[in-house]
Amino acid sequence: MYDFPGSDDGNEWVEIYNFGNEEVKIIAGSGANSWRFSDGSNHTLNLYSGSTIIQPAQFAILADDPATFLTDYPQFSGTIFKVPMSLKNTGDTLKLSADRGLTWFSEVTYSNQCGGDDDGYSLERSQDNWYISQKEGGTPAEENSPIKPLPQNLDQFSEFLNLSCGAIYFRSKVNFVVDGDTLKVENLAGLPTAIRLLGIDSPELGFPFYQQAKDFVFQMVFDKEVEILISPKKAQQIDEFGRTLAVIILNEQILNLSLLREGLAKRFDKANQLILAQNWDEIEQEAKNVYKGIWASYQKGNVVISELLPDPVGNDNELEWIELQNLTSDTLDLSGWILDKKTQFKIPNGTIIAPLGFLVFTRPQTRIALNNDGDSLDLYFSDGTLVDSISYLKAPEGQSFTRFPNGWVWTTTLTPASENIFQEKIITAVKQTNLPAVENKIAENQTTPPVEQQNSIVTEPTKIIKTIKITKTKKYTILVAGSYSSKLQPQVKGTLMLEKSSINWYIQTKITETLLIILLIFYFSRQLWNLFVKVPMQLRH
C-alpha cells in the first residue's frame, strides 16, 4: 500500500510471504544477521505483534505505523513489524536483507502505472508481475486476488493494449447494439452488461455518420460471442452513465480500433491503463489524412468564413457577428473547431452545419472583437490546422465584409445565416442648393474596395442612364436614374431608386426599361395633382 487515499503518513505498509517449505526466522533489531528493509534507505525491523517465526505459506506485515495499520484493518490478527518507510507514489524499488544490508535476497520494483495510486487499492504480486487488488484496501495477510490468465492470442495486440498490469477478461455474446460506441452483452459477472467502447466516441443521433457507425458495429459483432477486456483498475471500469468501459475483440480485430480506422469514431482521450494512447492516436490520424468518414469536413475549402460585421450601427459589443458557410452537400460536424488565433474561441461540441448552410456566431458568444480600423480572422480545425483566413482594412459603419465568387466587398445588404447578396447601384435624391448636374452617382453601399482588394474583384460592365429631372418644388428637386449591366440579356430588369433628402431611407425596384417610361409618366401625373404634398412614393414591380 504505497499511496493510501489522502495522507500517506503512517498508512503505508508492505506484505511479505514465505513461499518456501520451511519456517523462516526474522531477526529484528540491529544485532548480527538482523534484517533490513530498503526503500532507498535501510531500515531495521522491530516486532510489534505476533511471532518472528514465519511458517510456510504464511504472511507478515511491515508497517510504517502499526497502530494506524490496525485502525485501518481492525480484523487483522497476524504478525506486524514496525519499519520506518517512505514509499514513492510514482514508483520505487524495495529490497530485503538478512545480513544487515550487505546483500539483498529479495528485490521488487513497482510503479503507479498499474494502479493503487490514491484509490484505496493496493498492488499485489502474481508471477513476478504487479496487479491492482480487486478488493478495496487490498488483502493484507490473505491470499492475493485471483488473477485469471489472459489468452495467448491477445499478445498480438501488444502494440495497442497494455496488458502488463493484467485485465479483467470475459467472453460473452452481443445481444443489442445501441449506437456506434455502445452495445449490450449477455453477462459480465457483476459488472453492467451495457458496454461503452473504450477510447473512442462515435457520432450521436442526428450527427453525420451516426447510422453508418451503428450499422458497422451491428454487422461486425451482433449476435456473436466476443472477447471483452476491462481495466483492472476500479476507477476505470464504469463510466458516469453506469456502462462498463471495455475493449471488444472479434476475429483478431479490435472493434474500437476498427471504428477509428474507418473514420466512424474520434478518439475519446480519457485516461485508462488498458490502452496505449499514442498508438490509438496514430490510427485516428491515418483516417484524418485521407478525410475518411467523419473527417470529410477536414478538407480545406469545405467550410469558409463567408461574412462578418465589424462595425454595426449601434453597440459593437452586442451586434458584431461572424458567419461561416458550408460549401458542400454534406452535413458537417464543427465540434471543437477554433475561431480567431487571439481569442481561441472553441466551437461547442455538438455543433453541426447543414449542407450548403450557414452558422452565425455573435460577439457575446465568442468574445471576438473585430477591430473597426482593420483586422484579420482565422478558422482552424480542432487539431489547430488552418482552414481559412481573411483580413480587411477600415470597416464602414453598418456594412458587412462579404465573400463573393470573385472576391470580398463591403455591402449594406447584411445577410447573416443566408445567401450573400450584392446590389450593384443605388441612386439617391439630393437637396437643392445650387444643384449641379448629377450623373451616374454610385450607391453609398458600393464602397470602392482598397487598392490591394481591387484586383480580386471583377465588376460587371454597366451602362448608366443619364439622370432625369422629374419635377421641382420650392425645396426639392427629384432625380431619377436607372442602370443595367451591358452583359445582361435585354429582358433582364434594370434598377430604379427614388429618394427624398428629407428621409433617411430609400426604395428600390427592378423594372424593365419600357415599364420604367410608363411608370415615370404615371408618377409625373400624380405629382401635378400633389405638387405641394411631401409623400414618399414607392414604385414596385
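The single residue among Ser400, Ser376 that is touching a residue at least 12 places away in the same chain (Cβ under 8 Å) and loosely packed, with under 15 Cβ neighbours inside 10 Å turns out to be Ser376.
Every residue in segment 221-247 that is touching a helix residue (DSSP H, G or I) at 6+ places or on another chain (Cβ under 8 Å), free of Cβ contacts under 8 Å to residues at least 60 places away in the same chain and either assigned to a strand (DSSP E or B) or not assigned by TED's automatic domain parsing to the domain that holds Lys292 (or both), please. Within segment 221-247, Val226, Leu245 qualify. Annotation: of all residues in segment 303-327 being among the β-branched types (Val, Ile, Thr) and assigned to a strand (DSSP E or B), the one that is surrounded by the fewest Cβ atoms within 10 Å (Cβ to Cβ) is Val304. From the list Asp330, Asp281, the lone residue that is in a loop (DSSP other than H, G, I, E, B) and not aliphatic (A, V, I, L, M) is Asp330.
Within segment 138-195, the set of residues being within 15 Å of Met220 (Cα to Cα) and assigned to a strand (DSSP E or B) comprises Ser172, Lys173, Val174, Asn175, Phe176, Val177, Val178, Asp179, Thr182, Leu183, Lys184, Val185. Taking segment 36-129 as the region of interest, the strands (runs of 3 or more DSSP E) fully inside it that hold 1 or more residues being touching an Asp or Glu at 6+ places or on another chain (Cβ under 9 Å) and touching a residue at least 60 places away in the same chain (Cβ under 8 Å) are 36-38, 59-63, 91-97, 106-111. For Ser306, the test of being of a type in the set (Gly, Ala, Ser), over 30 Å from Leu161 (Cα atoms) and in contact (Cβ under 8 Å) with a residue 24 or more places away in the chain is passed.
Look at (1) more than 35 Å from the chain's Cα centre (by Cα); (2) within 22 Å of Thr68 (Cβ to Cβ) and you find that Tyr121 fails only one, number (1).
Taken together, the criteria exclude Phe170 from residues that are of a type in the set (Phe, Trp, Tyr), farther than 22 Å from Ala235 by Cα and assigned by TED's automatic domain parsing to the domain that holds Phe216. The lone criterion from (1) at pLDDT 90 or above; (2) in contact with a Leu (Cβ under 6 Å, 6 or more places away or on another chain) left unmet by Ala167 is number (1). Of all residues in segment 338-380, those being among the hydrophobic types (A, V, I, L, M, F, W, C), within 12 Å of Val303 (Cβ to Cβ) and part of a loop (DSSP other than H, G, I, E, B) number 3.
Can you tell me which residue is surrounded by the fewest Cβ atoms within 10 Å (Cβ to Cβ) among those in segment 97-137 that are aliphatic (A, V, I, L, M) and under 22 Å from Phe4 (Cα atoms)? The selected residue is Val108.
The values are calculated or read from the model by the stated rules, or taken from the named source; none is laboratory data. Source: prediction; values computed, not measured. Glycine gets a Cβ as well: all are built from the backbone with ideal geometry, and neighbour counts include every protein chain shown.
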